Amino acid sequence: MARFILTRSRQGALSLIGLVLLVFVLARLTGSPALLYLPEDASPERVAAFNRENGFDQPLYLQLLDYVGGILRLDFGDSLLYGDSALGVVLGRFPATLQLAFFTMLIVVTLAVVAGASSAARRGSVRDTATRVTSMTALSVPDFWVALMGIAFFAVYLDLLPTSGIGGWEFWVLPLLTLTLRPTGILTQVVRTAMIEALDSDYVRVARSKGVGPHAVVYKHALRNAAIPVLTMAGILAAQVVNGALVVETVFGWPGIGNLMVTAIRGRDFAVIQAVVLVTGAAIVVMNLLIDVAYSRLNPQIRLSA
Amino acid sequence: MTSRAMARTRTTRRPSAYILTASITAALLGLAGCAGSTAADESGDGRTLRVAVAYEPLSMDLCDSSSARNGMFMVENVGEPLVDLDFKTMELKPRLAESWKAVDPVTWQFTLRDGVTFHNGQPLTAQAVADWINRVLNPDLECWLYGSVLDDNVQKAEAVDARTVTIKTSSPDTILPRRLAFVMIGFVGSDAKQKTQTPIGTGPYQFVEYNPSADVQISRFEKYWGKPANFDKVVYPIRVESSVRSAMAAAGEVDIASMIASQDAKAHGAVNFTVGETIYFRIDTKLPPFDDLRVRRALSLAIDRKTFVQNVYGGLGEPANAIVIPQTVGYPDHVTTEYDLAGAKALLAEARADGVKTDTPFKVVGWAGMRSSNGSEVPDTIVAMLKAAGFNASTQLLENEAMRTRLGSANDPTFGPAVVLNAHGNSLGDALVSLQGKLGCKAPQSSVCDNRLDALLKKAAQASGEERAQLLSDAFSYEHDELVALVPVAYMADTIIRSDRASYEPNLASSERIDLSEVTVK
């Protein structure tokens, strides 16, 4: 296991290096940020001075060498927009996104497992049809629409919740509602399909013939064996949320890294864009590693090898 | 699965996993508690005002206060200028300076008000003002004020005595006091060489905190020299979506929601107002077919400005005759932009008969982020009008940086002939900067370099009063009749939404700044 983790970490580090290089080059292909930080009538001399000051006049490979040298010293450069260390800015925003992602996934997994499993257990029933239709609707609705309709209905019309911002529990309801809808729809469908397959398998028939109750058959035997595809999909969905819920954070003024990423891209804040990608990339690598480890815990037949 | 494995799945319990999950949940709930502590405070006590803004600030430094992104909280509230500009009369009034005069053609002298202190308790002295202006003029600091309001014609500021400061220019600048109405005076502390995160001004409100992507907060400065601030605290929530700002006003979460898009312009409490910005387009005058004056005249005649305002802005805004608003010094009263489709077609036919390729395809370039643009609606409407006159036009929509590059490369054959749409705001209230910036020989955006126009502008720069206004007006007439490099389309409108308890009358500048002394709450 230790060897597996070590190898996967090494592979993860390699992917991160590739990712950072790619983002470094792609961001710079969009041009110099000088024009966004100087007034419209700024002279060409001032634009040149800005580029010189920030190193944007150097050839790409020299800028890259400088950046890589910085990373080795754990210096990710300074944010043009916030005048602070880029990594500091990103890490300052990460907890807000992580909290949102954690509660989103908690709700998504709970709802999807309960709805998907009970739907599979009573195939063809009214409950099954209702779950299928509801989950299909949930996964088809665009999140910006849900966000704006949620604000219009719950905050403006009913006056029950705040429109946006951060604060007590009431500020969490609309962002969580918006964020959970689509992943819940997707995961419910995956759980249902995986459960149907598991419930049709021999070991479930054996368990039933041995007199195990229907509840125990569904939740103890079948669910555990249906968990692998569910875990895989949950991992992908979680990665999307950790990546920063761009739309939700922007609409609700949630100061997470999704919001930061949008601001940084609009402001050509290269150092912050790179730091966001690196931090979220690292989080996804770690999460994938945890999921791989979880596979072997869920099904001991899966042997982890480097 | 083997029966052994099955047995394991049935019986295995992993208490450690539960403990781990519980610890993570507890930790995250703890973090959530921390996030809760930075909650926006409750309004409704009458002493806290909340104003929803559309932009993340450019920086917290008062030397960037002329950027529209910073103006809302900085201008007149945290920072104050030496000289105030009244946006109703466009006249200058004393603020931090009690009086000012030109001591020679290249030197202006300002006498400061007594008894003014910065938010850090330091007195406002001539030396402090000179230090601040010299800091703004430092090109390494990349201040927004330097380039948008002050330029390299301003040499330096010097303290003559405790209350007198002089500002020297390399050539006469008769509107320097007007420019200084946009320079908020800040305190130069240890951050002389870099931008500060904590602005210190002399205004009625002092900076409290900036929570990136969340809000900016300011509070009453108790030792303010003038009329005390109306509110204990003012919070500016940052929400980039117009519909969310509008919803915040509807739900009573804010007292003022700024920069509301036209689809919400009829909401309860909405007030529409004309802003000091003009939509216009620039023509590549040196590239065929636009190198023929008749073709350029036809472009202008083909624009039905009334229909444009009706269709694109839902009737808000007004057709424009010049790229500056009528309140501006030098506005040409006698110039009118007409809509004459038959005339446009006739001019094109005449040019075509002389061998001009009037069917050359060209782009109408628009900016995706232009305020109230609703995507490509602005360039699409212009394209439709040009096509009706017989032009072979199509829309090209660019984002910020590409648009700025495009604006700075007039007559560049690699982009082909084009009509580039832009919005121009002249808050100074004097047309010289507009004419120089858009038509001057050295201006990066200019598509012309005309000796007669340049001579008029040089003369106007040295003149003042009626003479200056006349020279600038002549320059506009000449451009309209003989050059046709810029085609004004419409004065833009903006909307704010006020809550039922708030009262505020927007003015020309309210898209970029709201002077809190003009806001009252029931």
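The values are calculated or read from the model by the stated rules, or taken from the named source; none is laboratory data. For clarity, every value in this text was computed on a predicted model and none was experimentally measured. Virtual Cβ from ideal backbone geometry, glycine too; neighbours counted across all protein chains shown.
Select from the range B:496-522 the residues that are touching a helix residue (DSSP H, G or I) at 6+ places or on another chain (Cβ under 8 Å) and not in a loop (DSSP other than H, G, I, E, B) and write down the one among them that is surrounded by the most Cβ atoms within 10 Å (Cβ to Cβ). Step by step, filter the range B:496-522, then rank; the result is B:Ile497.
Annotation note: of B:Val103, B:Val160, B:Val183, the sole residue that is touching a residue at least 40 places away in the same chain (Cβ under 8 Å), assigned to a strand (DSSP E or B), of a type outside the set (D, E, K, R) and in contact with a helix residue (DSSP H, G or I) (Cβ under 9 Å, 6 or more places away or on another chain) is B:Val160. Could you tell me which of the residues B:Val312, B:Val356, B:Val335, B:Val271 is crowded, with 20+ Cβ neighbours inside 10 Å and either over 32 Å from the mean Cα position of the chain (by Cα) or touching a residue at least 40 places away in the same chain (Cβ under 8 Å) (or both)? Answer to the check: B:Val312. For the range B:119-139, a tally of residues being within 14 Å of another protein chain (Cβ to nearest Cβ) and under 11 Å from B:Ala192 (Cα atoms) returns 2. When the range B:227-244 is filtered for residues that are facing another protein chain (nearest Cβ under 9 Å) and either among the charged types (D, E, K, R) or within 13 Å of B:Ile496 (Cβ to Cβ) (or both), the ones remaining, listed by number, are B:Arg239, B:Glu241. Listed by first and then second residue, the pairs with beta-carbon distance under 6 Å, at least 6 apart or on different chains, first residue in the range B:209-237 and touching a residue at least 12 places away in the same chain (Cβ under 8 Å), second among the small types (Gly, Ala, Ser) and surrounded by fewer than 17 Cβ atoms within 10 Å (Cβ to Cβ), are B:Trp225/B:Gly115. If you go through the range B:186-208 and keep only what is under 22 Å from B:Leu85 (Cα atoms) and free of Cβ contacts under 8 Å to residues at least 60 places away in the same chain, you end up with nothing.
Listed here are the helices (runs of 4 or more DSSP H) enclosed by the range A:1-103 that have at least 1 residues being surrounded by fewer than 18 Cβ atoms within 10 Å (Cβ to Cβ), more than 31 Å from the chain's Cα centre (by Cα) and of a type outside the set (Gly, Ala, Ser): A:44-53, A:60-72.
Yes or no, residue by residue, for (1) over 30 Å from B:Thr360 (Cα atoms); (2) assigned to a strand (DSSP E or B); (3) in contact with a strand residue (DSSP E or B) (Cβ under 7 Å, 6 or more places away or on another chain); (4) at pLDDT 90 or above:
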{"residue": "B:Val235", "(1), (2), (3), (4)": "yes, yes, yes, yes"}
{"residue": "B:Ala247", "(1), (2), (3), (4)": "yes, no, no, yes"}
{"residue": "B:Gly276", "(1), (2), (3), (4)": "yes, yes, yes, no"}
{"residue": "B:Lys286", "(1), (2), (3), (4)": "no, no, no, yes"}
{"residue": "B:Ala298", "(1), (2), (3), (4)": "no, no, no, yes"}
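The set of residues from the range A:273-290 being touching a residue at least 40 places away in the same chain (Cβ under 8 Å) and within 16 Å of A:Val241 (Cα to Cα) comprises A:Val276, A:Val277, A:Leu278, A:Val279, A:Gly281, A:Ala282, A:Ala283, A:Ile284, A:Val285, A:Val286, A:Met287, A:Asn288.
Could you grab me the full set of residues in the range A:171-193 that are among the hydrophobic types (A, V, I, L, M, F, W, C) and out of contact with any Gly (no Cβ under 8 Å at 6 or more places or on another chain)? A:Trp172, A:Val173, A:Leu176, A:Leu179, A:Leu181, A:Ile186, listed by residue number. Taking A:Val251, is it under 12 Å from the mean Cα position of the chain (by Cα) and buried (at least 24 other Cβ atoms within 10 Å of the Cβ)? No, not satisfied.
Taking the criterion of being modelled with pLDDT of 90 or more and either β-branched (Val, Ile, Thr) or surrounded by 17 or more Cβ atoms within 10 Å (Cβ to Cβ) (or both), the residues of the range B:391-405 that qualify are B:Phe391, B:Ala393, B:Thr395, B:Gln396. Quick check on the range A:279-302. Is at least one of its residues crowded, with 16+ Cβ neighbours inside 10 Å, among the polar types (S, T, N, Q) and under 21 Å from A:Leu80 (Cα atoms)? Yes. In the range A:140-158 there is at least one residue that is more than 20 Å from B:Val244 (Cβ to Cβ) and more than 10 Å from every other protein chain (Cβ to nearest Cβ). The condition (being crowded, with 22+ Cβ neighbours inside 10 Å and either under 18 Å from B:Met184 (Cα atoms) or touching a Gly at 6+ places or on another chain (Cβ under 8 Å) (or both)) is satisfied by just one residue among B:Asp131, B:Asp64: B:Asp64. For the range A:245-263, the set of residues classified as touching a residue at least 40 places away in the same chain (Cβ under 8 Å), within 14 Å of A:Gln274 (Cα to Cα) and of a type outside the set (S, T, N, Q) consists of A:Ile257, A:Gly258, A:Leu260, listed by residue number. Of all residues in the range B:406-423, exactly one satisfies the criterion of being within 9 Å of chain A (Cβ to nearest Cβ) and modelled with pLDDT of 90 or more, namely B:Asn422.
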